[in-house]
Amino acid sequence: MYLFEYYMDDDNQFNHDQEFLKAKLMEAGFPRSNISKAFNWLEDLIEQQPSEEQAIPQKSLSMRVYSSEECARFNMECRGFLCYLEQMSILDTVSRELVIDRVMALESDEFDIEQLKWVILMVLFNQPNHKEAFTWMEDLVYEKMDGKLH
């Protein structure tokens, strides 16, 4: 989250190389182990980028059933928010599954909707053909809008 807040430029790109960013994170007080975990998490996200065929947003009439482990991580508010974003076409089935995967990969005991919004933003940042969804989510995360899709 810190990287997105402080080191992403106006074109939604990280404006420094990885070594520079690691040094800045260490200067900000983040432990080396957490920095490594964060970059591994981001690399895993990049590796899971969908193929051209999967990158085309898809609607699904199916319903997502969460496992007991997922329910333990995603409270009712978080699950409802994911459903809402799917209904608003901010997330499709592929991006929703990436969000769930990345949340489950976090090593945090506590997880809330604000953290979920950041994970969604990071997933959409790495997805082709999701620029409008990313912009809408970015506005929501930074509270630039009232939560309505215009």
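Every number here is computed from the coordinates shown, using simple stated rules; none is lab data. None of the values given here were measured: they were computed from a predicted structure. Backbone-built Cβ (ideal geometry, glycine too); neighbour counts: all protein chains shown.
Can you give the FRET efficiency for E143 and W41, using 1/(1 + (r/R0)^6), R0 = 22 Å, r = Cβ-Cβ distance, to the nearest 0.05?
0.35
How much FRET efficiency would the formula 1/(1 + (r/R0)^6) give for E77 and R32, where r is the Cβ-Cβ distance and R0 is 41 Å, rounded to 0.05?
Efficiency for this residue pair is about 0.75.
Can you pull the one-decimal nm distance between simple spin-label points at K24 and I113, each 7 Å off the Cα toward Cβ?
3.1
Which whole-Hz ³J(HN,Hα) couplings does region 112-124 yield from phi under the Karplus relation 6.51 cos²θ - 1.76 cosθ + 1.60, θ = phi - 60°, glycine and proline marked x?
Using θ = phi - 60°, the values come out as 9, 5, 5, 5, 4, 4, 5, 5, 4, 4, 5, 5, 5 Hz.
So if we plug the beta-carbon distance of D17 and E97 into 1/(1 + (r/R0)^6) with R0 = 30 Å, what FRET efficiency do we get, rounded to 0.05?
Result of the calculation: an efficiency of 0.50.
Within 10 Å of each residue's Cβ, count the other Cβ atoms and sort L116, L106 from fewest upward.
L106, L116
What do you get for GluC sites (Glu not before Pro) in region 71-147 restricted to DSSP loop and a cutoff of at most 13 other Cβ within 10 Å of the site's Cβ?
Those that pass, being in a loop and sparsely packed, are E107, E110, E143.
Could you work out how much longer the chain between E70 and S89 gets when fully extended? Use 0.36 nm per residue separation minus the Cα distance between them, nm to one decimal.
4.6 nm
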